[in-house]
Amino acid sequence: MKFTGRIKDMGRTLGGIPVVTLECPGMDTGEALGLSQAGLLDVEIRKHRERRSLDANAYYWVLVGKIGKATGDSRNHVHNTMLDRYGELDRMPDGSLIPYCIRDDIDYLEFPFPHLKPTQKTLSKGDRLYRWYYQIRGSSEYNTAEMSRLIEGAAGECREMGIETIPPEELERMMAAYGKKAGK
C-alpha cells in the first residue's frame, strides 16, 4: 500500500515505544484493515515530493533528440550532458555524494547508467589515468521543479543552436497542468 498523508499525532507507549498517527486521505481503508491483522509490517515514511509530468518527460526527450540530431551525438551523450549541466547530484541516505573512479579514457557520456559528473581529481595506476566522478540522479527521479530546470536548460541550448522549441508559456502550461493533477 502506498499513499500520501501527514503525521497527525505522535506519542509513546508506557514502554517508551513511539506511536505515530497518520492522516491518510484517499487511503484504501479495506486494505489498511487487512494489513492491521498482518502483524509486523515494513514501513517507510519520507518527505513527499511532487513527481514530474509525463508530458514534460516526453518533451525533454524530444529536445534531447533534436540536440543529438544537430550535433551528431548519441541520445545517451546528450542526456548525460544535460544532466551534468542542469541535473541533481545523487546522494546516499546519510547525505554523502556517491563517488566513482573509472579510467579517464572511457567515454562516460555514452553510459546509459550511471550518470556521472567528472571532477578534477585523478589517480595514476601504472600507465593508466583514472578520474573521480560523482553520480547524478536520473531524471526519472526528478520532481516537477527539478524536471522543469532540466527542460529549461535543454530548451535554452536548443534556442542557442537555432533549434525550434515550444514557447515558454506552453511549457509553463504543461508544468502547471501536471501540478494540478498532483494536487500541488
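The values are calculated or read from the model by the stated rules, or taken from the named source; none is laboratory data. This is a predicted model, so every value here is computed, not measured. Ideal geometry is used to build each Cβ from the backbone, glycine not excepted, and the neighbour counts take in all protein chains shown. The protein model used for the area step is the full one, side chains on, heavy atoms only, and it has no ligands, DNA or RNA in it. Shrake-Rupley method; radii C 1.70, N 1.55, O 1.52, S 1.80 Å.
Before moving on, here are some points about what is shown:
- Among (1) within 29 Å of the chain's Cα centre (by Cα); (2) free of Cβ contacts under 8 Å to residues at least 24 places away in the same chain; (3) surrounded by 10 or more Cβ atoms within 10 Å (Cβ to Cβ), the one test that residue 34 misses: (1)
- Selection status of residue 56, within 17 Å of residue 137 (Cβ to Cβ) and either aromatic (Phe, Trp, Tyr) or open to solvent by less than 40 Å² (accessible area, probe 1.4 Å) (or both): yes
- Per-region count, segment 73-107, residues part of a helix (DSSP H, G or I), closer than 14 Å to residue 117 by Cβ and open to solvent by 50 Å² or more (accessible area, probe 1.4 Å): 2
- Test set (1) at pLDDT 95 or above; (2) hydrophobic (A, V, I, L, M, F, W, C); (3) in contact with a Cys (Cβ under 9 Å, 6 or more places away or on another chain) - residue 32 fails condition number: (1)
- Scanning segment 1-16 for residues that are part of a loop (DSSP other than H, G, I, E, B) and at pLDDT 90 or above gives 13, 14, 15, 16.
- Residue 145 satisfies every condition listed in (1) modelled with pLDDT of 95 or more; (2) part of a helix (DSSP H, G or I); (3) out of contact with any helix residue (DSSP H, G or I) (no Cβ under 8 Å at 6 or more places or on another chain); (4) not charged (D, E, K, R) except (1).
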